[in-house]
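Note sheet for the following structure.
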Amino acid sequence: MGGYFSDIFYGGKSLLVGLSITFREFFKPTVTVQYPYQTIKMSARFRGHIELLADDTGSPKCVACGMCQRACPSSCISLDSVSVDIEVDGKVKKKKVLSRYDLNFTTCSLCGQCVENCNFGAIDFSKEYNLASTRKEDFHFDLLDRLKRLEEKKA
Amino acid sequence: MSAPIQLRPDETFILNVGPQHPATHGVLRVKMEMDGEYIVKAETVLGYVHRMHEKMGENRTYAQYLPNLSRLDYLGALGYTHGHVLSIERAAGIEVPERAEYIRAITVELNRVASHLFWFGAFVMDLGGFSPLMYAIQDREHILDILEGVTGSRLTYCYYRFGGLYNDVDDEFIEATKRFIPNMRKSLKKYAALVTGNIIFHKRLEGIAPVSAETCRKYGATGPVARGSGINFDVRKNEPYSVYSDFDFDVPVYQEGDSLARYKVRMDEIEQSLRIIEQGLAKLPAGPIMTEKKPKNIKLPVGDFYQAVETARGSFGIRIVSDGDKNAYRLKLRSPTYSNMHLFDETCEGMLIMDALAFMGSLDLVIPEMDR
Ligand code: SF4
Ligand code: SF4
């Protein structure tokens, strides 16, 4: 019998303790962010999909060596290059120029191996996080085109 | 209208819990033979999220396998990647700078707290309380923010590298972590008053689903499940790896073996993890975060290597059999919840279904981790 009454007492007490805690939460500042009306700043190291970086002249730093392609665990990167003639000190030389750089973001695991393995600092993670689509083709990115558009915007 | 089905008094029926059911944590299916509300026999069925992670380990180079490890247990991913890098480093004889190991330990412990917090919220929600989940997720959010600040991701981290780390931590990380510790301690007090002291919570867990130490040994259960049954085993203490021998922390052990004991172990572990993080930040040495010669194209010597680490769910082991090539000849992952889950079939016989689901919650199952 004693257990019965002590349970009631204990139950009543734990109810009050619980209510007082949840009640105090009412007066705490709101922490919810009303996305998409409000957004928060992405952290500096946030890993969005990778992007090509441009040098001072606005052309990609990438030399089409293919290291990133080989390092990628999920084979998301595919690239092509063309050989063009350029004039250096009056002599015509052949140079490999990146002609296509495609990223299949559907299989990318954002591991960073590509960025790490690039010896030319030509790729980095973007801060892109607003990605949503019902078609997976929308996640096949043409990064060269993206870089061009970004550079045009800047200019 | 057809008449309701009449069962004979001794007749049982089969109840399917899952594979997609709000009371199971993921795509786990439990086939239960029921006698009214009581379970006569239960059989867990796995295989719904099998992704052949072990086989992938044999087809990819060791470095390419790094992102896979964080996709086993998505709540405490860093512990698993830690095991992988440690195993390769030991097998290939790669020295890791002390600073890198300290940062690894701190981030693993942060991740452990985050994992336990999420478990806490989900567990109380299994029992019918919703508010604690919101509080727990709010606290966990701080950890995710801190970890995002250093690793760039919030859940499936790929931060550790053979021989060190992807990048160094900044002052912001140290400040944020220092701010987080006292706040977390305050929250722990709140949880103790709100949940641990609650009478409904107590009545639903105390003495329910007792698991003996013998059963734990039989099934190879580890982690908080075994420690709730009086087995004092923690890989961090028993086979210290990384820099854990530098830290002063206790391993919480409870003898009762019931669901409440498993709950208490995890709640105490949060406090112990906070202690480790505190000490780690105080001792954090300066220096490089990567070995001088960054290892590339790692090939392991011919042999058989095993490394165990203590993750949030128990002892995780990775065994690599190498034939000297760039990838493993055989890679075996020993995941803790796979063993822990097998307690369920035996223990829940004769239990009420609601108690059994509370018991399942107390095991802290993460399905993609058992079903690799
Ligand atoms: S982040 Fe990893 S998975 Fe993604 S493209 Fe780079 S190497 Fe491939
Ligand atoms: S590793 Fe760098 S330079 Fe080489 S192809 Fe990739 S992005 Fe271009």
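The values are calculated or read from the model by the stated rules, or taken from the named source; none is laboratory data. A quick note: this is a predicted structure, and the numbers were derived from the prediction, not measured. For neighbour counting, all protein chains shown are included, and Cβ atoms are generated from backbone atoms with ideal geometry for every residue, glycine included. The protein model used for the area step is the full one, side chains on, heavy atoms only, and it has no ligands, DNA or RNA in it. Shrake-Rupley method; radii C 1.70, N 1.55, O 1.52, S 1.80 Å.
So here's what we get for this one:
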{"quantity": "Count of residues meeting criterion [under 17 Å from the mean Cα position of the chain (by Cα), assigned to a helix (DSSP H, G or I) and of a type in the set (Asp, Glu)] in region A:134-151", "calculated": "1"}
{"quantity": "Leading residue by the ranking (farthest from ligand 2 (Cβ to nearest atom)) among those in region A:124-149 that are within 20 Å of residue A:59 (Cβ to Cβ) and within 14 Å of chain B (Cβ to nearest Cβ)", "calculated": "A:126"}
{"quantity": "Yes/no for residue A:71 being more than 7 Å from ligand 2 (Cβ to nearest atom), of a type in the set (A, V, I, L, M, F, W, C) and modelled with pLDDT of 80 or more", "calculated": "yes"}
{"quantity": "Pairs, first without any contact (Cβ under 8 Å) to a residue 24 or more places away in the chain in region A:38-62, second of a type outside the set (Asp, Glu) and open to solvent by 40 Å² or more (accessible area, probe 1.4 Å), C-beta under 8 Å, six or more apart", "calculated": "A:39/A:33; A:40/A:33; A:55/A:61"}
{"quantity": "Which listed residue is of a type in the set (Gly, Ala, Ser) and either more than 15 Å from ligand 1 (Cβ to nearest atom) or more than 21 Å from residue B:296 (Cα to Cα) (or both), from A:112, A:58, A:66", "calculated": "A:58"}
{"quantity": "Residue match in region B:106-122 (condition: open to solvent by 10 Å² or more (accessible area, probe 1.4 Å) and among the hydroxyl-bearing types (Ser, Thr, Tyr))", "calculated": "no"}
{"quantity": "Complete set of residues in region B:348-372 that are more than 30 Å from residue B:68 (Cβ to Cβ) and either of a type in the set (Lys, Arg) or in contact with a Ser or Thr (Cβ under 7 Å, 6 or more places away or on another chain) (or both)", "calculated": "B:358, B:359"}
{"quantity": "Candidate set: region A:74-115, residues that are surrounded by fewer than 16 Cβ atoms within 10 Å (Cβ to Cβ) and either under 21 Å from residue B:60 (Cβ atoms) or not assigned by TED's automatic domain parsing to the domain that holds residue A:133 (or both); chosen: the one nearest to ligand 2 (Cβ to nearest atom)", "calculated": "A:78"}
{"quantity": "Condition met for residue B:87 (closer than 30 Å to residue A:67 by Cα and either open to solvent by less than 10 Å² (accessible area, probe 1.4 Å) or over 17 Å from the mean Cα position of the chain (by Cα) (or both))", "calculated": "yes"}
{"quantity": "Residue list for region B:275-304, filter: part of a loop (DSSP other than H, G, I, E, B) and of a type in the set (A, V, I, L, M)", "calculated": "B:284, B:286, B:289, B:298, B:300, B:302"}
{"quantity": "Failed condition for residue B:181, given (1) surrounded by 19 or more Cβ atoms within 10 Å (Cβ to Cβ); (2) away from chain A (no Cβ under 14 Å); (3) aliphatic (A, V, I, L, M)", "calculated": "(1)"}
{"quantity": "Residues of region B:187-208 classified as outside any helix (DSSP H, G or I) and within 8 Å of chain A (Cβ to nearest Cβ), total", "calculated": "2"}
{"quantity": "Hey, residue B:171 without any contact (Cβ under 8 Å) to a residue 12 or more places away in the chain, within 30 Å of residue A:117 (Cα to Cα) and either within 14 Å of another protein chain (Cβ to nearest Cβ) or β-branched (Val, Ile, Thr) (or both) or not", "calculated": "yes"}
{"quantity": "Number of positions in region B:215-229 that are basic (Lys, Arg) and buried (at least 24 other Cβ atoms within 10 Å of the Cβ)", "calculated": "1"}
{"quantity": "Any hit, region B:233-243, residues being away from chain A (no Cβ under 14 Å), at positive phi and either surrounded by fewer than 19 Cβ atoms within 10 Å (Cβ to Cβ) or in contact with an Asp or Glu (Cβ under 7 Å, 6 or more places away or on another chain) (or both)", "calculated": "yes"}
{"quantity": "Residues being open to solvent by less than 10 Å² (accessible area, probe 1.4 Å) and among the aliphatic types (A, V, I, L, M) - total across region B:191-214", "calculated": "4"}
{"quantity": "Residue in region B:58-74 that is farthest from residue B:27 (Cα to Cα), counting only those that are away from ligand 1 (no atom under 16 Å from the Cβ) and surrounded by fewer than 24 Cβ atoms within 10 Å (Cβ to Cβ)", "calculated": "B:58"}
{"quantity": "Residue within region A:20-35 that is within 12 Å of chain B (Cβ to nearest Cβ), within 30 Å of residue B:134 (Cβ to Cβ), at pLDDT 85 or above and within 16 Å of ligand 1 (Cβ to nearest atom) present", "calculated": "no"}
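Rundown of residues vs (1) assigned to a helix (DSSP H, G or I); (2) over 22 Å from residue B:101 (Cβ atoms); (3) among the basic types (Lys, Arg), yes/no style:
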residue: B:118; (1), (2), (3): yes, yes, no
residue: B:121; (1), (2), (3): yes, yes, no
residue: B:124; (1), (2), (3): yes, yes, no
residue: B:133; (1), (2), (3): yes, yes, no
residue: B:145; (1), (2), (3): yes, yes, no
residue: B:150; (1), (2), (3): yes, no, no
residue: B:158; (1), (2), (3): no, no, no
residue: B:167; (1), (2), (3): no, no, no
residue: B:176; (1), (2), (3): yes, no, no
